[in-house]
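So the structure is just underneath, and the comments pick up after that.
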Amino acid sequence: MANPSPGNSITLRVEAPSSFSATSELAAAVGAAGAAITALDVSESHHETLVVDVTCNTTDDEHAGRVKDALNALDGVTVQHVSDRTFLMHLGGKLEVVPKVALRNRDDLSRAYTPGVARVCLAIAEDPAAARNLTVKRNTIAVVTDGSAVLGLGNIGPAAALPVMEGKAALFKQFANVDAWPVCLDTQDTEEIISIVKALAPVYGGVNLEDIAAPRCFEIENRLREELDIPVFHDDQHGTAIVTLAALVNALRVVGKKLSEVRIVVSGVGAAGSAIIQLLKAQGAQHIIAAGRSGAIHSGQEYGDEHRSWIAANTNQEGFDGTLHEALVGADVFIGVSAPHVIGEEQVAAMADDAIVFAMANPTPEIDPVLAAKHAAVVATGRSDFPNQINNVLAFPGFFRGLLDAGASDITPEMLVAAADAIANRVADEELNASYIIPSVFDPHVAADVASAVAAAAHAANVATAAPAEAAPAPEAALASA
């Protein structure tokens with residue numbers, strides 16, 4: 001299933017004979033090796049040779065090696081160097097701190113720092129709530145992880161998780177002008193994580209929990225919500241649930257079915273699966289079967305954690321106790337947040353007519369989307385190289401923009417639903433089709449629409465302190481990328 005991807009983009013510096021056909025021969029060799037050329041630039045020219053930078057997308061390191069070998073096999077051609085463009089992007093990290101005020105002279109310095117800053121400190125000491133307006137707290141969140149469940153990579157630890165958290169922070173800034181900072185904790189002890197985040201909280205207007213393994217993530221989020229006066233959001237749960245609901249609303253519009261009537265099978269009952277099920281239930285879904293590694297979750301079985309127990313009590317009313325494959329027979333919707341290749345073409349073929357398949361395991365989905373599309377009416381994944389990418393970046397930047405704008409102290413189910421509706425509504429009736437059920441992550445209006453909807457829901461739920469405000473405009477960088 002693997003296709004050449006920008007995530008595996010390389011640039012090969014190649015010395016070749018200075019013939020008229022040199023560049024076309026290089027391009028043909030790269031194409032024959034299965035890579036996708038994105039740029040071909042002559043960087044040096046000499047009487048007898050050319051130096052050409054060939055940039056192409058590959059599938060993995062082994063494929064990149066085959067591309068190099070294919071070029072070296074050409075007569076008179078030598079690959080001088082291969083650069084991994086993804087690693088180059090990460091050199092030195094992806095974030096920096098830039099002051100918002102200019103320090104040009106002693107006058108500026110006296111107000112930004114001593115002695116003037118003391119007056120601001122005393123004002124906050126007298127009224128701690130003033131910190132929200134007089135410090136970075138107003139627009140800053142912590143992106144907190146323990147590195148225990150990073151992407152599809154597993155428990156790789158806090159240092160290895162840092163590139164992901166940096167990327168997350170960059171997305172917050174790019175799409176919603178929210179200042180975010182990675183907080184990668186070198187502990188996987190629940191009580192320590194809770195204690196550390198509470199101690200750090202005065203700096204931040206919100207906490208985004210990220211890539212913390214279940215079931216520990218559930219207790220951490222619940223406790224922090226109870227013990228902090230700022231919103232705490234576990235993106236792997238609620239961000240995924242928001243975007244999944246938005247995509248499903250529009251997919252059902254495509255096939256002409258109702259959420260309350262369709263049979264839904266969810267593969268994966270960890271953080272994302274549990275949150276998706278809860279949000280679907282809140283929106284009126286009546287027929288859900290959730291499946292873990294050992295098969296369907298049902299009330300006839302006892303479970304060792306409260307979240308699976310809740311799923312058993314609130315889904316699968318018929319008491320089905322078979323396998324995931326058996327559950328899919330006649331199902332209308334498959335939602336996968338589990339592992340690669342857990343279902344095959346025959347399982348999708350056994351689903352109901354006009355079936356919907358969301359295979360969201362990353363980077364390798366539960367089924368090859370091309371195979372799923374042979375039988376399903378609508379197919380979505382978490383990948384950017386297929387239509388209908390269900391990506392949390394559609395939710396979390398705007399969601400936190402709305403929380404910060406409202407000065408929210410908590411998160412309610414109504415906010416999650418409001419965010420999902422805002423995302424779904426970005427796809428107009430005339431745009432909607434089986435390959436376009438969810439807006440692009442570069443749609444410059446998504447974050448603002450989500451922010452406005454979340455802020456309004458926060459005020460309606462009486463968990464907001466700031467006066468209602470217009471949604472913040474999307475940063476110029478996001479608009480330029482659209």
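The values are calculated or read from the model by the stated rules, or taken from the named source; none is laboratory data. For clarity, every value in this text was computed on a predicted model and none was experimentally measured. Positions of Cβ are backbone-derived with ideal geometry, glycine not excepted, and every protein chain shown enters the neighbour counts. The area values use the complete protein model at the heavy-atom level, side chains included, leaving out ligands, DNA and RNA. Shrake-Rupley method; radii C 1.70, N 1.55, O 1.52, S 1.80 Å.
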* Structure fact -> Here the residues within segment 267-305 that are open to solvent by 70 Å² or more (accessible area, probe 1.4 Å) and under 17 Å from Val243 (Cα atoms) are Gln278, Gln283
* To do: Could you tell me whether segment 57-64 includes any residue that is in a strand (DSSP E or B) and modelled with pLDDT of 95 or more?
  => yes
* **Test: residue in segment 389-398 that is touching a residue at least 12 places away in the same chain (Cβ under 8 Å), within 18 Å of Asn425 (Cα to Cα), assigned to a loop (DSSP other than H, G, I, E, B) and hydrophobic (A, V, I, L, M, F, W, C)** => yes
* To do: Please find, among Pro158, Pro115, Pro99, the residue that is free of Cβ contacts under 8 Å to residues at least 60 places away in the same chain and open to solvent by less than 50 Å² (accessible area, probe 1.4 Å).
  => Pro158
* Under the condition of being small (Gly, Ala, Ser) and part of a loop (DSSP other than H, G, I, E, B), which residue from segment 399-422 is most open to solvent (accessible area, probe 1.4 Å)? -> Ser409
* Which of the residues belonging to segment 283-328 are modelled with pLDDT of 90 or more, in a helix (DSSP H, G or I) and closer than 24 Å to Ala213 by Cα? -> Ser309, Trp310, Ile311, Ala312, Ala313, Asn314, Leu324
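Conditions tested, residue by residue: (1) touching a residue at least 12 places away in the same chain (Cβ under 8 Å); (2) open to solvent by less than 10 Å² (accessible area, probe 1.4 Å); (3) touching a Lys or Arg at 6+ places or on another chain (Cβ under 6 Å); (4) over 19 Å from Val417 (Cβ atoms).
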position: Leu200; (1), (2), (3), (4): yes, no, no, yes
position: Thr244; (1), (2), (3), (4): yes, yes, no, no
position: Val255; (1), (2), (3), (4): yes, no, no, yes
position: Val265; (1), (2), (3), (4): yes, yes, no, yes
* Subset of segment 40-54 (residues that are open to solvent by 30 Å² or more (accessible area, probe 1.4 Å) and part of a strand (DSSP E or B)) -> Leu40, Asp41, Val42, Ser43, Glu44, Ser45, Thr49
* To do: Quickly run through segment 310-320 and pick out the residues that are closer than 12 Å to Ala290 by Cβ and either buried (at least 20 other Cβ atoms within 10 Å of the Cβ) or out of contact with any helix residue (DSSP H, G or I) (no Cβ under 8 Å at 6 or more places or on another chain) (or both).
  => Ile311, Ala312, Ala313, Thr315, Asn316
* **Selection from segment 133-146 of residues that are surrounded by fewer than 20 Cβ atoms within 10 Å (Cβ to Cβ) and among the β-branched types (Val, Ile, Thr)** => Thr135, Val136, Thr140
* Of all residues in segment 159-188, how many are over 18 Å from Phe233 (Cα atoms), touching a Ser or Thr at 6+ places or on another chain (Cβ under 9 Å) and in a loop (DSSP other than H, G, I, E, B)? -> 1
* Consider Arg138 carefully, then state whether it is under 25 Å from Ala451 (Cα atoms) and of a type in the set (Lys, Arg). => yes
* Of the criteria (1) open to solvent by 50 Å² or more (accessible area, probe 1.4 Å); (2) under 18 Å from the mean Cα position of the chain (by Cα), which one Ala149 fails -> (1)
* Structure fact -> Ile156 fails exactly one of (1) touching a helix residue (DSSP H, G or I) at 6+ places or on another chain (Cβ under 7 Å); (2) part of a loop (DSSP other than H, G, I, E, B), namely (1)
* Structure fact -> The number of residues in segment 52-69 that are closer than 9 Å to Leu40 by Cα and without any contact (Cβ under 8 Å) to a residue 24 or more places away in the chain is 0
